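Heads up: the structure comes next, in structure tokens.
Nothing in this text is a laboratory measurement; each read-out follows from the coordinates by a stated rule. Just so it is clear, the model here is predicted, and its values are computed rather than measured. All Cβ positions, glycine included, derive from the backbone under ideal geometry; neighbour counts span all protein chains shown.
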């Protein structure tokens, strides 16, 4: 335990220390709930305010965030989050409202949500949007529930299979498994597209639909997207779009126009909400006309039309065949919706298109600079990200070593070991917010590391050496799980 | 890469011993997965399995993978101790790291050792 430089907050605790002194009570004392419902001991740490502040300030200095530097974590779209989002989500009218307030008193909030639904419809080409789902995977589950409800209402009960490409995010099969459906894996072809022949063979009247990420996790736009959609539709299936990579398409391609029936948005990725341990996700779902009646309830709608003098009255409406409520209250309002609304409003339609174009340009620039030094198995023009191999002929250096070494150059590592179809995968997504200088410094570092892998591999095996802590023992952490620091009394395993 | 010649190998990297019906994962597979931290055998003794059925789930620090039956038949034994020491799959994939036995198992599409070695070499780049 030699290199622990800051104890935990529990270890810093000392009985009797406190942050504030409560004034004497000036209201009658209320009785506590029955004893059986109370824990005799709740080990909350006892510290003065200043000790708490210094503890977390110290920890924050060990951290690395997108405000510190480049964060090319593929598939996560770790773009810079503009600080104006922080101002708007703290406006008192948004901050000090409660979801159970009468609708007449929260018309501003409802207007924002209504407009957000409309904007997401326009951006994606869908006929309806729910803002409820808490994050991407929750949005997937919501979407798959609607697909199931659609087939069920048509008494088309033979359909139990979901087609999912081998490049998919792991959440896709997980969401499908939650509903007891069967996953059929569709391989990718040598150009990183869905293998059309394999897809054709899998399409029949037992197919619920297909879940497709486009561009996929290799950063490739499917060159046969129209054929893929047609094959699935022709066998009576529905097309699900995983919106994780929407950043590449903004203002250029609309999934609804391509024939997708349903797609979740990751507002926290595409529309700038701090995420990855730093904040809440938000996973609205858009649907085509076929699924509009199945959307979760409630949606925000106009319940009384306005006119020249009166604003409309916004309220809640329930779709005809709604699958029901997916979340208590109305989605991640302040954390997700207000920040993303601000981001969309600040950029406007042309600005959103610029985002996609710069995201794609930056990824292609990096890919072009690293081609030749690193093997790129699916080597063609990429979209917002690309995947290369973190291994070299005749060397025992692996992707993990390269990533750890990047930390010594003060960069956040890319995504490691995903997608699974690439050996020693390093998945790099620069996002649109980085300038050429940053991209060049990152490419220079990776080229230098490739050289080090040949001449001084121990530098990589022992990396990182410049960070607060060295190489973590990931194996020990995964094998010897400590999931709870204390157990309630009377707990029986 | 260690590929014993008495065994047969599936494309999804399981080995099958036609003489004993024993099933496990190949040395190539354990090396690709790196340090294995979790194993769960998904079938029980007496259960009938078909080729391609998921018989175990394996997690390493890199990835999690399903392990599929390379042969069809009745499961006659399960390596119960394996889940307590998943590292055995790294250290002894063809011995202590065996997963299940399939009684008079009918192998699906499998390769012999030299074919499998070629197949693995073709995949490393």
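Here the contact order of chain B, divided by its residue count and restricted to Cα pairs under 8 Å and six or more residues apart, works out to 31 percent. Restricting the calculation to alpha carbons of chain A gives Rg and Dmax of 25.3, 78 angstrom.
Cα gyration tensor of the stretch A:266-310, axes a ≥ b ≥ c as square roots of the eigenvalues: rounded (a/c below 1.5), prolate (a/b > b/c) or oblate? Walk me through the numbers on the way to the answer.
Numbers: a/c = 3.10, a/b = 1.60, b/c = 1.94.
Oblate, since a/c reaches 1.5 and b/c is not below a/b.
For the stretch B:70-103, the residues whose amide N sits under 16 Å from a probe point set 7 Å from the Cα of residue B:45 along the beta carbon direction are B:74-83, B:99-103. In terms of Cα atoms, the Rg and Dmax of the stretch A:195-245 work out to 10.8, 31 Å.
Please state the shape class of the stretch B:8-120: rounded when a/c is under 1.5, otherwise prolate if a/b exceeds b/c and oblate if not, all from the C-alpha gyration tensor. Write out the running numbers ahead of the final one.
Numbers: a/c = 1.69, a/b = 1.12, b/c = 1.52.
Taking the square roots of the gyration eigenvalues as a ≥ b ≥ c, the stretch B:8-120 is oblate.
Fewest neighbouring Cβ atoms within 10 Å first, the residues A:297, A:340 line up as A:297, A:340.
With 10 angstrom as the radius, rank A:323, A:252, B:36 by how many other C-beta atoms surround their C-beta, starting from the fewest.
Values: A:323 19, A:252 11, B:36 28.
Ranked by crowding around the Cβ, least crowded first: A:252, A:323, B:36.
Judged by the ratio a/c of the largest to the smallest principal axis of the C-alpha gyration tensor, the stretch A:1-96 counts as oblate, that ratio being 1.5 or greater while a/b is no larger than b/c.
Our compactness index for the stretch A:107-212, the C-alpha radius of gyration over the empirical 2.2 N^0.38 Å, is 1.26.
Treating r as the C-beta distance of residue A:310 and residue A:83 and R0 as 30 Å, the FRET efficiency rounds to 0.25.
Between residue A:481 and residue B:80, the simple label model (points 7 Å from Cα in the Cβ direction) yields a spacing of 2.1 nm. Mean partner shielding of peptide B:53-64, defined as the number of other chain Cβ atoms within 10 Å of each residue Cβ, is 3. For the segment A:420-426, counting C-beta atoms of other chains within 10 Å of every residue's C-beta and taking the mean gives 2. Over all Cα atoms in the stretch A:232-320, the spread is summed up by Rg and Dmax: 16.5, 51 Å.
Only beta bridges with both residues in the protein assembly as shown are counted; by DSSP, about 75 percent of them are antiparallel. The relative contact order of the stretch A:271-362 comes to 30 percent, based on Cα pairs under 8 Å that sit 6 or more residues apart. Taking label positions 7 Å along the Cα-Cβ direction at both residue A:204 and residue A:91, the computed distance is 5.6 nm, reported to one decimal.
Reported to two decimal places, what Rg/Rh ratio describes the stretch A:86-345 when computed on Cα atoms with Rh from the Kirkwood expression? Please list the in-between numbers first.
Values: Rg = 18.6 Å, Rh = 18.8 Å.
Answer for the stretch A:86-345: 0.99.
The calculated FRET efficiency for the pair residue A:410 and residue A:12, based on their C-beta separation and a Förster distance of 22 Å, comes to about 0.15. Exposure proxy ranking for A:381, B:55, B:67, based on other Cβ atoms within 10 angstrom of each Cβ and starting from the fewest, stands as A:381, B:55, B:67.
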